[in-house]
Amino acid sequence: MGRKKENNYFDMFIQAVTYSCQAADMLKENFISFDPEQLPACMEALHHIEHTADLAKHDLMEKLLKEFITPIDREDIIELSSALDDVTDSLEDILLRLYMFRITSLREDAVSFVSIICDCCCALKKLMVEFPEFRKSKAIKDMIIEINHLEENGDKLYTEAMRRLYSESGDAVEILSWTAIYDRLEKCCDKCGDVADVVETVILKYS
């Protein structure tokens, strides 16, 4: 009887971040040519991506339950899988807020924010592709630094966007709505940073 083939968790991480990239690209496309009438259809499409990502995460967890030997500690696999899933979830949350608050036009800062989020997801995918070589990679630390830098750019944009909102708008409903939306945009950048933090912890553990 042949030896049981080991599950490739690194490939599963790459697949997870691919779903995040797909969701981020869809969000950016929606923001660039924003049409509130198209929001329900876009939400449905993005939810399909999020649901597919959830199924993939559950599949990973089921495989992990049956695994005796793993390439990195079991708890690290669980934490990284959850962190990647949180990125996709946070992207869906942004669209849900636009729909809930009946947003009919976007603030300029929001479009800039989504561009940063797309850059974060793209950088995360490069990180996951490099991750299997983390013990000997010379590039992976710079990739983590780049993601942290993008997260910092998101934090700066959040501060300036909120300042502009409270300076320019005299409408309490608009302020309330956009405060919640900016919070979700900033949270999405933070979730990308969380993935990089988990990878950095793994590197330190095995170095």
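The values are calculated or read from the model by the stated rules, or taken from the named source; none is laboratory data. Computed from a prediction, not measured in an experiment: that's the story for all the values here. Positions of Cβ are backbone-derived with ideal geometry, glycine not excepted, and every protein chain shown enters the neighbour counts. Remember, those area values only see protein heavy atoms, side chains included, never the ligands or the DNA or RNA. Shrake-Rupley method; radii C 1.70, N 1.55, O 1.52, S 1.80 Å.
Observations on the structure shown:
- Contacts under 6 angstrom Cβ, first residue in segment 119-131 being under 11 Å from Phe10 (Cα atoms), partner open to solvent by less than 10 Å² (accessible area, probe 1.4 Å) and at pLDDT 95 or above, 6 or more apart: Met128/Phe13; Met128/Val17; Glu130/Ile140
- Complete set of residues in segment 166-200 that are open to solvent by 30 Å² or more (accessible area, probe 1.4 Å) and under 16 Å from the mean Cα position of the chain (by Cα): Asp183, Arg184, Glu186, Lys187, Asp190, Lys191, Asp194, Asp197
- Exactly one residue out of Arg163, Arg135 is over 15 Å from the mean Cα position of the chain (by Cα) and closer than 20 Å to Tyr9 by Cβ, and it is Arg135.
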